[in-house]
Amino acid sequence: MKSLCLVTLLLILPLILYSGHTTIYDIQYTNIAGFDGTYPSPYRGQIVTISGIVTAVDHAKDGFYLSEPEGGPWRGIYVSSARKSLSIGDSVTLTGEVHESFGFTTIRNVRQIQVSARDLPLPEPVLVTTGELAISEAYEGVLVQLSNVTVTGPTSQRNVWLLNDGTGNCRIVNGFLSERVDSSSLVKEDVYIKIVGVVEYRFGEYRLNVRNFSDLSKAPLGLSKPSWGR
């Protein structure tokens, strides 16, 4: 009888420990556009406890991105917290308030943060096209990867550039770099084999935010460039 009780306890213990947690997916997923078309979280204004792996840290120490270990659409979120000791790869549990910042779902007013492990592998970036990234709420806060993209030009905003893989333009920004990219390092018609970053929603549009210089994998010189967009 004691053995049976012990087995039962071991089976239900994880449910007890995590019964108060909310998944990032549940916070982010919605098919209701809202009055302004920004798809607000159904948990807006609620206090939640979430867990995940840090995928990006703000160079200004103003916040970080958290992802569920498996990654994928709807499974990433931005946490507004001046926690200076966090690093990419940390496994974190925290409690805070779900907030909509001009259409960008975030966690703010963080009450506590616990780090259970460090240097964990990150979820695989989701492969998306530039056209998908520019319009899809599902990738907000998510670690993604673009492939075979061309720089089609700068925008009127400082340090914001346009990328295109043939499916439509999307914007790339560098707010999370420890050293901001000089505008001259992104040249029109340069080709990148791979660009990795996290997706943010600012100024009414989705943007790719690179984390460091290794997120940018430039194609070798002489690689043929597409004729579209010229």
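For this structure, a couple of remarks:
- Selection within the stretch 85-98 - touching a residue at least 40 places away in the same chain (Cβ under 8 Å) and crowded, with 17+ Cβ neighbours inside 10 Å: ILE88, SER91, VAL92, LEU94, THR95, GLY96, GLU97, VAL98
- Only one of the listed residues (ARG108, ARG75) is without any contact (Cβ under 8 Å) to a residue 40 or more places away in the chain and either within 27 Å of ILE195 (Cα to Cα) or open to solvent by 60 Å² or more (accessible area, probe 1.4 Å) (or both). That residue is ARG108.
- Failed criterion for TYR39 (all others in (1) open to solvent by less than 30 Å² (accessible area, probe 1.4 Å); (2) modelled with pLDDT under 95; (3) not β-branched (Val, Ile, Thr) hold): (1)
- The residue pairs whose first member lies in the stretch 132-151 and is farther than 17 Å from PRO40 by Cβ and modelled with pLDDT of 95 or more, whose second member is among the polar types (S, T, N, Q) and open to solvent by 10 Å² or more (accessible area, probe 1.4 Å), and whose beta carbons are closer than 6 Å, counting only pairs six or more residues apart or on different chains, are THR150/ASN164.
- The residues of the stretch 50-67 that are open to solvent by 30 Å² or more (accessible area, probe 1.4 Å) and either at pLDDT 95 or above or of a type in the set (Gly, Ala, Ser) (or both), listed by number, are SER51, ALA60.
The values are calculated or read from the model by the stated rules, or taken from the named source; none is laboratory data. Bear in mind the structure is a predicted one, so any value in this text is a computation, not a measurement. Glycine gets a Cβ as well: all are built from the backbone with ideal geometry, and neighbour counts include every protein chain shown. When the accessible area is computed, the model is the full protein with side chains, heavy atoms only, and any ligands, DNA or RNA have been set aside. Shrake-Rupley method; radii C 1.70, N 1.55, O 1.52, S 1.80 Å.
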